[in-house]
1. Checking residue A:31 against (1) touching a residue at least 60 places away in the same chain (Cβ under 8 Å); (2) more than 9 Å from every other protein chain (Cβ to nearest Cβ), which single condition isn't satisfied?
2. Give the residues of the range B:397-437 that are touching a residue at least 40 places away in the same chain (Cβ under 8 Å) and of a type in the set (Gly, Ala, Ser), sorted by residue number.
3. In the range A:59-75, what count of residues is obtained for those that are within 22 Å of the chain's Cα centre (by Cα) and open to solvent by 30 Å² or more (accessible area, probe 1.4 Å)?
4. For the range B:416-447, which positions are of a type outside the set (Val, Ile, Thr) and within 14 Å of chain A (Cβ to nearest Cβ)?
5. Could you figure out which of (1) closer than 30 Å to residue A:6 by Cβ; (2) of a type in the set (Gly, Ala, Ser); (3) more than 9 Å from chain B (Cβ to nearest Cβ) isn't true of residue A:123?
6. Within the range B:172-195, can you find the residues that are among the aromatic types (Phe, Trp, Tyr) and open to solvent by 10 Å² or more (accessible area, probe 1.4 Å)?
7. Scan the range B:244-260 for residues that are crowded, with 20+ Cβ neighbours inside 10 Å, touching a residue at least 24 places away in the same chain (Cβ under 8 Å) and within 19 Å of the chain's Cα centre (by Cα) and report the count.
8. Out of B:207, B:202, which single residue is small (Gly, Ala, Ser), at the interface with chain A (Cβ under 9 Å from one of its Cβ atoms) and not in a helix (DSSP H, G or I)?
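The values are calculated or read from the model by the stated rules, or taken from the named source; none is laboratory data. Please read these numbers as outputs of a predicted model, since none were measured by experiment. Cβ: placed from backbone, ideal geometry, glycine included. Neighbour counts: every protein chain shown. Side chains are part of the model used for accessible areas, which takes the heavy atoms of the whole protein and leaves out ligands, DNA and RNA. Shrake-Rupley method; radii C 1.70, N 1.55, O 1.52, S 1.80 Å.
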Amino acid sequence: MSKVFHVMYDDDDTLKGAASQLVAQGVRVKEVFSPFPIHGIDPIIGVKRTRLAIAAFMYATMGTTLALLGMWYFMIQDWPMNIGGKPSFSLIENLPAFIPVTFEFSVLCAAHGMAITYLLRNGTLPGMPASNPDPRTTDNMFVMEIVSDENSMTNEELESAIKNTELVELSIKDYES
Amino acid sequence: MQQEAAIREPLILGNKSYKDITDDVVGPIEGPAPIGWKIMITIASLVAVYGVGCILYLLGTGIGVWGLNKTVGWSWDITNFVWWVGIGHAGTLISAVLLLFRQKWRMAINRSAEAMTIFAVIMAAIFPGIHMGRIWVSYWVLPLPNQFGSLWVNFNSPLLWDVFAISTYFSVSLVFWYIGLIPDFATIRDRMKTPLAKKIYGLLSFGWSGRAKHWTRFEEVSLVLAGIATPLVFSVHSIVSMDFATSVIPGWHTTIFPPYFVSGAVFSGFAMVQTLLLIMRKGMKLENYIHVKHVEYMNIVIIVTGSIVGVAYLTELFISWYSGVEYESYAFINRFSGPYSWSYWMMMTCNVISPQLFWFKKIRRSLLATFVLSIVVNIGMWFERYVIIVTSIHRDYDPSSWGEFHPTHIDIGVFIGTLGIFFTLFLSFARFFPVLALNELKTILKSSGENFKKLHTKA
């Protein structure tokens, strides 16, 4: 039977040290739950860099394009208006006046697009249930999750390797994916 | 682990642990409402109700109930609008610009400053809305397909840029604020005992569990949002200033307006943050997190932006003479010696002289002096907008139509009313929301907490 180990630490640096120690022994750490970002944990447990910033750039580009296209249609193509003699017969001539709205709309699309992508990728949405193994992990405790299925060691070997670290509590449960 | 110089003052005082930070911030939410809070919110909401009454009367009767006349067509209403938008600039500046500069002291103040921003922008948005007179057609500012002969909104007009700028600023600030709130709501959710509170905070926390990958994404989103919100802060008040600067009214038609308005906005925004936080830290016993050093840092921002504002006042005065345009120079002579000179000198005293007092370390680090001066600055900044708007238009090119503006009780009621609504919202925030970014604060505890700093110095 596959087991899940929840190893609790009371300090972020202790957890980081323990994670390095275990990873060096060939243990795969599945997940870390912490009340705040632990800087430097990602390379240790193999969390890849997020591509959200690239997504934000694409949303911004989309905003720029939409804004310019919209203003070209409203002000140049569909119903050109002569306002105070300002040039209104081609996009390029009228462009200086369109810059503020283009900028604002790009920011609007980038920010909201990125925020929605972030929430969807995280699966953090209104009404979602919390999945942290212990309520103290949003307060002052740090939990490492290790699943025996993903490791070549036996459950006993894993347990003794884990117990070699400066943990506070250890809970072992049957794993249901 | 990152360490800080020992001579740098700690940002978190006392012998605090991670648990203490949670307890100190979430504690006031769990306990019963203090009597002082009940009294304050009662007063604020009564004032708010009066303001809503004034607004409803105005909407039912028309904007003739204001003191406007054919010469002074913009006055209190637009003054209040610019004042509130200006106040709304500190929050995003603190959370975005200071994040980019890695200023750790922002973490104690960003959450409430952002809340203040959002509430202030809501107050600001009320004014152009009711100034339309027929607020029910306010959707006409959007470029919607319509039945009026393909009539589109005018994208050449700064007034329309404002629609985009303010709505983008509001919604982006809201998103930025909420993304930061999600992990803190999760902390509250996991502490609450009653099922109802657990349910509500559970909903608000979106099921946040603090996984490593989620934190990586969280930091990336915060950084990118800060990066795009920074130019946004500067663009919004620049665009507000263009409402004036692109007109042909002497006193408004100046290129100095965008930087001058932006620094004025930051100036008044920080002053408002000081006013609110000095009360909040006392009422919620957060003196260990928001202490004299934080107040001093904010006062330094106030000196810098206040001095930029001072230089801008003198520059526009000089240029009005140097330009050789007689209308322009009359507009400024009229400002400081005409019927509204009292408001001009009020503005000069409050905005140019009073912030200079912060050069003295004793004043800069005195909480009482800061509190008094922060209110003085906000009064000054209100008068700045009043001076710019009313003195420039009350005497235009044609002397036969010169006039003066006298506020009616509806003008005053609407303004006081927005103060009431603002404080009602802010007090509700202080009661039910985590007022400090508590999980972000934990990240600086080891580098900037007093007890940890002592340990490092000993070692």
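1. (2)
2. The answer is B:401, B:403, B:413, B:417, B:420, B:428, B:430, B:437.
3. 3
4. Our first condition is that a residue be of a type outside the set (Val, Ile, Thr); within the range B:416-447, this holds for B:417, B:419-420, B:422-423, B:425-434, B:436-442, B:445-447.
Listed by number, the residues that qualify are B:434, B:436, B:437, B:438, B:439, B:440, B:441, B:442, B:445, B:446, B:447.
5. (3)
6. The initial filter retains those residues of the range B:172-195 that are among the aromatic types (Phe, Trp, Tyr), namely B:176-178, B:185.
Correct list: B:176, B:177, B:178.
7. Residues flagged as crowded, with 20+ Cβ neighbours inside 10 Å, touching a residue at least 24 places away in the same chain (Cβ under 8 Å) and within 19 Å of the chain's Cα centre (by Cα) within the range B:244-260 amount to 1.
8. Values: B:202 fails: not in a helix (DSSP H, G or I).
Just one listed residue meets the conditions, B:207.
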